[in-house]
Amino acid sequence: MKTGFTMLSQSASSPARTGVLATAHGEVHTPVFCPVGSQASVKTLTPQEVRDTGAEMILSNTYHLYLRPGIELVESMGGLHRFMGWEGPILTDSGGFQVFSLSPLAKITDEGVTFKSHIDGSSHFLTPEGVVSYQQSLGSDIMMVLDDVPPHDGSEARVTAAVERTSAWAERCLKARTSKTQQLFCIIQGAVNPELRIKSATELARLDFDGFAIGGLSLGEDKQTTWNMLDVTIPHIPLNKPRYLMGVGSPEDIVEAVARGIDIFDSVLPTRVARNGGLYTASGRINIHNSAFKTQDRPIEEKCSCYTCRNFSAGYLAHLFRSSELLGLRLASIHNIYFLQSLTRCIRESIANGIFEGFKNEFLAIYRTVSEETRKQQKQKWLAKKSGL
Ligand SMILES: [Zn+2]
């Protein structure tokens, strides 16, 4: 079976495009949003429920699976697809980001990175070759290189070193890859420095990767800076390769990034906000804890065809959350993932029909976004909580 990316249509007014990414476990239609199952589980949902939302590819995480239950165990049980009961495509992140965000005392050298487990404090050493070998053992369809993720406000010297190390590690990952069916994506770094982003993209574009991820963004910088970084970086990525913006997945960000040429998204946000009662609607994110929903005898989103909206009122959901019933978390997660699958499907159709610009403007005019300040506070709270584990 031939794997790889084929571009299907391109917007006349922006770099937005549609495509199909063929993998050993099926096709992925882009732009695509991938729900995240870091620990080989999309929190609270069965693989069938995830599939029923329309999701084609999910993301899992080498760092988490390496620490628990261990790569060898997953491999001995037939690989990640069989272990978690998901038959479709899986993308595995390498662990670069997790090492730096979950293990603040990580020590990095040109050889690799030493870090302490956030679970039991044990010491581990990850190398570029190691993470490729682990992902080959897991059997993921898209593997990611190990990268050096500098803080968005890191010094120029630190960010330059990270870019150079990320390029050298990417080359080592490419050499270490032996699988013919598993694709390998590189990761462009450079924090918020346009010259370094271009340097990173240009160096990596010389190597034969199956796809290009843009990492180290949406880590606390303002939105306009994130978009500026995409605008300077994307022209340096080969046109025929898929572009993946790592860790970004709110509805408005997906629309903005697609307009700049991004094909693949992943984020824990839709399921995390769902578990906190945050639900996406066409007019913005609502909070089910708001007392107005207690008596609403209509679904959260009248036009939504997800399992939750077809069967339950917002009032029932509000009751579940107020009673701390686990079903509430599941129904909210189903709705939010479905919302993003529905959004990306509309995006694909509008690009194919040449009306993406109108779709984008209409969506952004109606969708009420969370303020920049609130968003930053939420992100910092989460990062602080993570690093304190
Ligand atoms: Zn729904």
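The values are calculated or read from the model by the stated rules, or taken from the named source; none is laboratory data. This structure is a prediction, so every number in the text was calculated from the model and none was measured. A quick note on method: Cβ atoms are made from the backbone with ideal geometry, for glycine too, and the neighbour counts reach across all protein chains shown. Remember, those area values only see protein heavy atoms, side chains included, never the ligands or the DNA or RNA. Shrake-Rupley method; radii C 1.70, N 1.55, O 1.52, S 1.80 Å.
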Given the options LEU59, PHE100, MET77, identify the residue whose Cα lies farthest towards the positive end of the charge dipole of the range 32-268 (+1 on Cβ of Lys, Arg; -1 on Cβ of Asp, Glu). MET77
Site GLU302, offset 7 angstrom along Cα→Cβ, radius 11 Å on amide nitrogen, limited to the range 345-384, gives none
Structure-based [θ]222 nm, the chain - -39500 (n - 2.57) summed over DSSP H runs of at least 4, per residue, nearest 500: -13000 deg cm²/dmol
May I ask you to rank PHE33, PHE5 by accessible area, largest first, using a 1.4 Å probe over the protein chains only? PHE5, PHE33
Dimensionless Rg/Rh of the range 207-258, both radii on Cα and Rh by Kirkwood, sits at 0.96
Using a 1.4 angstrom probe, figure out how much accessible area the range 275-366 has per residue, in square angstrom, rounded to the nearest whole. 49
Gaussian network model of the chain, Cα within-10 Å springs - most flexible of PHE356, PHE339, PHE312: PHE312
In the full protein assembly as shown, how much of ASP253 is accessible to a 1.4 Å probe, in Å² to the nearest 10? 10
Considering only protein heavy atoms and a probe of 1.4 Å, how much of the accessible area of the chain is carbon and sulfur, as a whole percent? 52
Consider just the alpha-carbon atoms of the range 32-268 and return their Rg together with their Dmax, both in angstrom. 16.7, 47
Inverse mean reciprocal Cα-Cα distance (Kirkwood Rh) of the range 275-366, Å: 13.9
Which of LYS43/LYS116; LYS199/LYS223; LYS2/LYS241; LYS294/LYS381; LYS180/LYS241; LYS223/LYS360 have a Cα-Cα distance over 19 Å? LYS43/LYS116; LYS199/LYS223; LYS294/LYS381
Residue-normalised accessible area of the range 32-268, given per residue in Å² at a 1.4 Å probe: 35
Between helix 223-233 and the chain, what is the angle of the helix's C-alpha long axis to the longest principal axis, kept within 0 to 90° and rounded to the nearest 10? 40
From highest to lowest solvent-accessible area (probe 1.4 Å; ligands, DNA and RNA excluded), THR295, THR271 read THR295, THR271
